[in-house]
Amino acid sequence: LLPLAVALKPSSLKVDGQAVVDQLLHLATFSDHPNPAVTRILFTENDLAGRAYVKQLMAQAGLAIREDKMGNIYGTLPGADPAAAAVGTGSHCDAIPLAGAYDGTTGVIGGIAALKALRDAGFMPARPIEVVMFTSEEPTRFGLSCSGSRAMAGLLDAAYLDSRRDENGTSYLEAARAAGYGAASYEDMLQSARRTPEDLHAFVELHIEQGPLLEAEGRQIGVVTAIAAPAALRVRFSGDGGHAGAQLMPLRNDASLAAAELALFVEKAALGTGAIDTVATVGYWDISPKAVNSVPREALLEIDVRDIDGPRRDAVVASIMEEAARIAEKRRVRHSVDAINQDPPATCGADVVAAVQASTDELGYSSKRMVSRAYHDSLFMAQIAPTGMIFIPCRNGWSHRPDEFASPQDIARGVEVLALTLARLAGE
Ligand code: HGY
Ligand code: MN
Ligand code: MN
Ligand code: MN
């Protein structure tokens with residue numbers, strides 16, 4: 001997998017950053033909330049509209065389109081050797097509530113633009129090059145992140161995926177079928193997504209940094225060398241509740257206060273490792289019955305813990321689970337813990353990193369080697385094939401917010417680096 005020098009001249013790559021931005025902003029109109037906010041939840045009406053638009057752009061770029069039964073969408077630029085393992089790129093178009101227009105979408109729309117630029121430059125790759133829209137990178141609907149790439153890497157089993165239900169009790173399989181992805185069973189659905197090193201030669205994802213470093217240091221391209229290890233867990237506390245006026249304090253077992261104590265422990269546990277790379281938050285918090293004059297009976301916390309060091313992250317997760325049990329005992333509440341995911345970090349493939357760096361240097365762009373603290377589908381693609389990522393700056397490092405922003409110039413640079421990197425990895 002040596003990143004070859006290619007006859008392709010960078011000057012022959014024509015990338016119109018503004019055209020990509022226009023497409024990103026059109027995609028952003030498929031949202032449950034008015035722009036600039038973007039909310040696009042897996043298999044909802046706006047997600048299906050977004051999927052149709054992505055397929056339209058793939059068709060306009062002259063790519064061969066296929067979809068698997070998980071809902072992953074592939075656009076392929078044919079290679080001289082159609083049987084050769086493909087070089088992949090791509091990202092996601094689903095968006096968490098009240099997000100922005102650039103997270104994930106930049107790697108899908110930008111990936112299509114990169115393949116189109118290669119095609120328009122008359123580049124004939126030795127290997128097929130494919131751009132993937134991963135079906136569900138965000139955990140919003142089923143609680144599980146990166147369902148599509150986990151399935152590709154063979155990391156999802158039917159029982160586990162079936163256990164992940166949305167707030168109406170709908171399963172992934174039912175939702176996929178309702179969206180027109182007619183799998184006969186979980187096995188059929190998961191098998192249709194399965195990739196192996198035999199059919200995937202390398203993978204590289206273009207993404208906004210979602211952090212402030214590139215902008216702060218005035219660097220144009222982030223050459224990602226590793227991806228942090230994410231974990232998510234749900235903790236439920238249940239008390240007996242009671243009348244807010246008539247129930248005296250010694251008799252209360254307030255579920256919300258148990259949650260409050262655990263939430264502050266989560267912060268303490270992350271800070272307690274002494275490593276700046278350990279991060280944690282309670283991103284979702286719900287109590288019931290939500291009446292000012294009723295002592296809360298139920299509390300549900302969703303906790304996100306990450307670190308670039310897997311074992312250090314695991315120790316924090318374990319301490320949170322132990323503390324939940326201690327708090328439950330002390331406050332006489334019942335509790336349950338649902339460990340949703342606890343994934344290892346990924347090291348990017350040396351040859352892919354070298355191809356990204358060589359392409360960035362050849363285009364004359366400044367760069368910074370860095371770790372991705374956000375997770376991406378690349379975290380799981382790295383388990384199938386040598387994988388890398390290309391970051392571009394985003395304003396103030398803001399992401400997962402409506403004012404998320406990347407400039408047309410930065411987007412054009414990212415697409416050019418991606419196109420040249422794909423050409424290097426695909427050979428000619
Ligand atoms: O949360 C993440 O890291 C990703 O942006 N979904
Ligand atoms: Mn995201
Ligand atoms: Mn993303
Ligand atoms: Mn991501």
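The values are calculated or read from the model by the stated rules, or taken from the named source; none is laboratory data. Since the model is a prediction, treat every value here as computed from it, not as a measurement. Backbone-built Cβ (ideal geometry, glycine too); neighbour counts: all protein chains shown. Heads up: the accessible areas ignore ligands, DNA and RNA and are worked out on the full protein's heavy atoms, side chains in. Shrake-Rupley method; radii C 1.70, N 1.55, O 1.52, S 1.80 Å.
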Hits in the stretch 308-338 - residues which are small (Gly, Ala, Ser) and closer than 13 Å to residue 270 by Cβ: 315, 319
Test for residue 103: is it part of a loop (DSSP other than H, G, I, E, B) and either open to solvent by less than 20 Å² (accessible area, probe 1.4 Å) or at pLDDT 95 or above (or both): yes
Within the stretch 167-203, tally of residues that are open to solvent by less than 60 Å² (accessible area, probe 1.4 Å), in a helix (DSSP H, G or I) and either touching a Pro at 6+ places or on another chain (Cβ under 8 Å) or not acidic (Asp, Glu) (or both): 9
Residues that are hydrophobic (A, V, I, L, M, F, W, C) and either touching a Gly at 6+ places or on another chain (Cβ under 7 Å) or assigned to a loop (DSSP other than H, G, I, E, B) (or both), drawn from the stretch 130-166: 131, 132, 133, 134, 142, 144, 146, 153, 155, 156
Within the stretch 374-396, considering residues that are open to solvent by 10 Å² or more (accessible area, probe 1.4 Å) and within 15 Å of ligand 4 (Cβ to nearest atom), the one farthest from residue 36 (Cα to Cα): 382
Residue that is least open to solvent (accessible area, probe 1.4 Å), among those in the stretch 286-307 that are assigned to a loop (DSSP other than H, G, I, E, B) and at negative phi: 296
Residue match in the stretch 64-83 (condition: under 14 Å from the mean Cα position of the chain (by Cα), hydroxyl-bearing (Ser, Thr, Tyr) and more than 13 Å from ligand 3 (Cβ to nearest atom)): no
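A quick yes/no check of all residues on (1) within 25 Å of residue 346 (Cα to Cα); (2) more than 16 Å from ligand 4 (Cβ to nearest atom); (3) in contact with a strand residue (DSSP E or B) (Cβ under 6 Å, 6 or more places away or on another chain):
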{"position": "190", "(1), (2), (3)": "yes, yes, no"}
{"position": "204", "(1), (2), (3)": "yes, no, yes"}
{"position": "210", "(1), (2), (3)": "yes, no, no"}
{"position": "213", "(1), (2), (3)": "yes, yes, no"}
{"position": "225", "(1), (2), (3)": "yes, yes, yes"}
{"position": "228", "(1), (2), (3)": "yes, no, yes"}
{"position": "232", "(1), (2), (3)": "yes, no, yes"}
{"position": "237", "(1), (2), (3)": "no, yes, yes"}
{"position": "242", "(1), (2), (3)": "no, yes, yes"}
Subset of the stretch 374-404 [more than 20 Å from residue 231 (Cβ to Cβ), within 14 Å of ligand 2 (Cβ to nearest atom) and assigned to a loop (DSSP other than H, G, I, E, B)]: 394, 398, 401, 402, 404
Selection status of residue 179, touching a residue at least 12 places away in the same chain (Cβ under 8 Å) and away from ligand 1 (no atom under 16 Å from the Cβ): yes
Set 88, 79, 110: member being part of a loop (DSSP other than H, G, I, E, B), small (Gly, Ala, Ser), closer than 24 Å to residue 9 by Cα and in contact with a helix residue (DSSP H, G or I) (Cβ under 8 Å, 6 or more places away or on another chain): 79
Residue that is most open to solvent (accessible area, probe 1.4 Å) [pool: residues in the stretch 349-373 that are assigned to a loop (DSSP other than H, G, I, E, B) and either under 13 Å from residue 222 (Cα atoms) or polar (S, T, N, Q) (or both)]: 373
